[in-house]
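Okay, structure first, notes after.
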Amino acid sequence: MTTSFATLVRNIDTLVRKQDFDGACKLFRTVDASTLPAGLLMERSRAIQLAHDPAGLTLDDARSSLVLATSVEPGCLQAWVDLGHFYFSVDNNFSKALKVFREARSRAEVLMNDLAAGEAKAMEALRRATGD
């Protein structure tokens, strides 16, 4: 992460924590969204939706940020969930929302199966190691 990008991230984080979404939008306008990781794309979308004056950014930009977040980091479940909620609550597009929520669930199930398998292996190894 370059120094200027790190500064940008730090400044956006400060503004979001202060709930200065207008200020965050102004900073987000200074950077190409396609260069942002999923976490910042989700913050961008949230700031746009919550800002009183989103510095020329629109709900289309908010949606695009979430779509891009799912492309940049397909394993980021929160991006899928946020996109589903956007389609449901903002766009009133219930069929798209359902499709995205189902994709999120499918990805979560794969992750949970992997988690359960790892947990079972660790429990078995611990049982063997402790003689229980």
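What follows draws every value from the coordinates through simple rules; no lab data is involved. Fair warning: this is a prediction, and the values are worked out from it, not measured in the lab. Note that each Cβ is placed from the backbone with ideal geometry, even for glycine, and that neighbours are counted across all protein chains shown.
Given the criteria in contact (Cβ under 8 Å) with a residue 24 or more places away in the chain, of a type in the set (Ser, Thr, Tyr) and either farther than 20 Å from PHE5 by Cα or part of a helix (DSSP H, G or I) (or both), does SER89 qualify? Working first, answer last.
Numbers: in contact (Cβ under 8 Å) with a residue 24 or more places away in the chain: no; of a type in the set (Ser, Thr, Tyr): yes; either farther than 20 Å from PHE5 by Cα or part of a helix (DSSP H, G or I) (or both): yes.
No; evaluated as a whole, the condition is false for this residue.
Take segment 74-86 and flag every residue that is buried (at least 16 other Cβ atoms within 10 Å of the Cβ), within 10 Å of the chain's Cα centre (by Cα) and touching a residue at least 24 places away in the same chain (Cβ under 8 Å).
First, the residues of segment 74-86 that are buried (at least 16 other Cβ atoms within 10 Å of the Cβ): 76-77, 79-84, 86.
Next cut, within 10 Å of the chain's Cα centre (by Cα) only: 76-77, 79-83.
Hits for segment 74-86 are CYS76, LEU77, ALA79, TRP80, ASP82.
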